[in-house]
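Below: one structure, written as structure tokens.
Rule-based calculations on the coordinates, nothing more; no lab input. Because the structure is a prediction, the values reported are computed rather than measured. Don't worry about glycine lacking a Cβ; one is built from the backbone with ideal geometry, like all the others, and counts go over all protein chains shown.
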Amino acid sequence: MGVRILSDSACDLPKDILEEYNIDTVPIVVIKDDKEYFDGETITPQEVYDGMKEGIIYKTAQIPPNIFNDKFEEYAKNDEDIIYIAFSSGLSGTYQTSVFVKEQIQEKYPNFKLEIIDTKAASGGFGLIVYYAAKMVKEGKSKEEILRAIEFYRDHMESIFTVDDIEYLFRGGRVSRTQAFLGGLLNIKPVLDVEDGKLVPIEKVRGKNKVFKSMLDLMEERTKEANLKEQTICITHGDNLEGALKLKEQIKERFGSEIFLINTIGAAIGAHSGPGTIALFFLGKNYK
């Protein structure tokens, strides 16, 4: 039996890719009015974005230990060889929970083969790592080859994103009340990064029209050792397909890229970033 890839809902991969590459996922918890929902299963991204536009505040929680326990035990009973590729430990406690549950499960099933990888990435950057790994599984690569590739992708994944309304970052504890107030007042759009698994502001750009240029300038700066024509470029968005397609066309025109993966940001991450978000992911160095 070959390797199976397990991930979680924060990877923001389209359902057709999850199905095509036999990628299993576990859902992150989204909380509305103290009621828990499962990302992508009992609550959709569109429900979250529509609710946020109406002023509803959503929270999220890591995947509960019992869900990991049930999933891992199922695999262990079937003697499956698993690589769990996890959401950044800098943004969620999900990775730590999975490691804890693994230790418990292996006391009962000592021969259970499970590798857990902290991607230190989110949304499409996380998703690209999962996608590349699953493609290697389908190509029949060994577990060792896949793990080496995952480590490379994790270490060279670049993330650049912007939010439409800085207020959502304040609600998620990413900026101060003063920053949120001034950002809204001055029409400032933050450009952010994921560094070592955590959100880091890079620039503050005034007005929507300058944001994409800033993102593409950063993309050029970060790909001096990469060939963007040979890469899959991922763009995820918070109910903003028009913006995602506009960014895609600008990337094609500037860099000649042809392979794109575009998808909506899921409910778990969208609950913090909000509607209108645009996120861009690519490798700073091509994998050979």
- line: Note: SER142 to LYS208 extended length (0.36 nm per residue) minus current alpha-carbon separation gives 19.2 nm
message: Check which residues have an amide H placed less than 5 Å from LYS189's amide H, if you skip close sequence neighbours.
response: VAL205, ARG206, GLY207
Cα centroid separation - the stretch 64-101 against the stretch 262-278, whole Å: 24
field: Identified option (computed Cα extents along the principal axes in Å; candidates [x] 58, 47, 29; [y] 74, 44, 36; [z] 69, 53, 35)
entry: [x]
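Calculate the dipole size of the stretch 7-156 relative to its Cα centre from +1 charges on Lys and Arg beta carbons and -1 charges on Asp and Glu beta carbons; express the result in debye to the nearest 20. Show your work: numbers first, answer last.
Details: 17 positive and 29 negative charges, 65 e Å.
Roughly 320 debye, rounded to the nearest 20.
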task: Give, as a single signed number, the net charge of other residues whose beta carbon lies under 14 Å from the beta carbon of LYS246, with Lys and Arg counted +1 and Asp and Glu -1.
output: +2
message: Test of understanding: what is the full-extension gain from ILE31 to ASP50, defined as 0.36 nm times their sequence separation minus their Cα-Cα distance?
response: 5.3 nm
task: With only Lys, Arg, Asp and Glu charged, each at its Cβ (+1 for the first two, -1 for the last two), find how big the charge dipole of the stretch 210-285 is about the Cα centre; round to the nearest 20 debye.
output: 120
message: Under the √(5λ) rule applied to the eigenvalues of the Cα gyration tensor, what semi-axes describe the equivalent ellipsoid of the stretch 90-162? Give them in Å, descending.
response: 24, 19, 8
The chain - charge dipole about Cα centre, Lys and Arg +1 at Cβ, Asp and Glu -1, debye rounded to 20: 900
task: Would you compute, from DSSP H runs of 4+ residues alone, the mean residue ellipticity of the chain at 222 nm, taking -39500 (n - 2.57) per run and dividing by the full residue count, rounded to the nearest 500?
output: -13500 deg cm²/dmol
task: For the stretch 216-227, take each phi angle, set θ = phi - 60°, evaluate the Karplus expression 6.51 cos²θ - 1.76 cosθ + 1.60, and give the result in whole Hz per residue in order, putting x for glycine and proline.
output: 6, 4, 5, 4, 5, 5, 8, 10, 5, 9, 10, 10
- line: Spelling it out for ARG4: with amide H atoms placed in the peptide plane at 1.01 Å from N, the residues 5 or more places away or on another chain with amide H under 5 Å from its amide H are ASP81, ILE82, ILE83
query: Which ³J(HN,Hα) values, rounded to whole Hz and listed in residue order, are derived for the stretch 146-157 from phi using the Karplus coefficients 6.51, -1.76 and 1.60 in 6.51 cos²θ - 1.76 cosθ + 1.60 with θ = phi - 60°, glycine and proline given as x?
result: 5, 5, 5, 5, 4, 4, 5, 4, 4, 6, 10, 6
task: Rounded to whole Hz and in sequence order, give me ³J(HN,Hα) for the stretch 17-22 from the Karplus expression 6.51 cos²θ - 1.76 cosθ + 1.60, θ = phi - 60°, writing x for Gly and Pro.
output: 6, 4, 6, 4, 9, 6
query: Once Lys and Arg get +1 and Asp and Glu get -1 on their Cβ, which of ALA61, ILE82, GLY256 lies farthest toward the positive end of the dipole of the chain?
result: GLY256
- request: Eight or more residues apart or on different chains, and alpha-carbon atoms under 21 Å: count the Lys pairs in the stretch 51-139 matching that.
  value: 12
- request: Output the Cα-based Rg and Dmax of the stretch 3-156 in Å, rounding Rg to one decimal and Dmax to a whole number.
  value: 15.7, 50
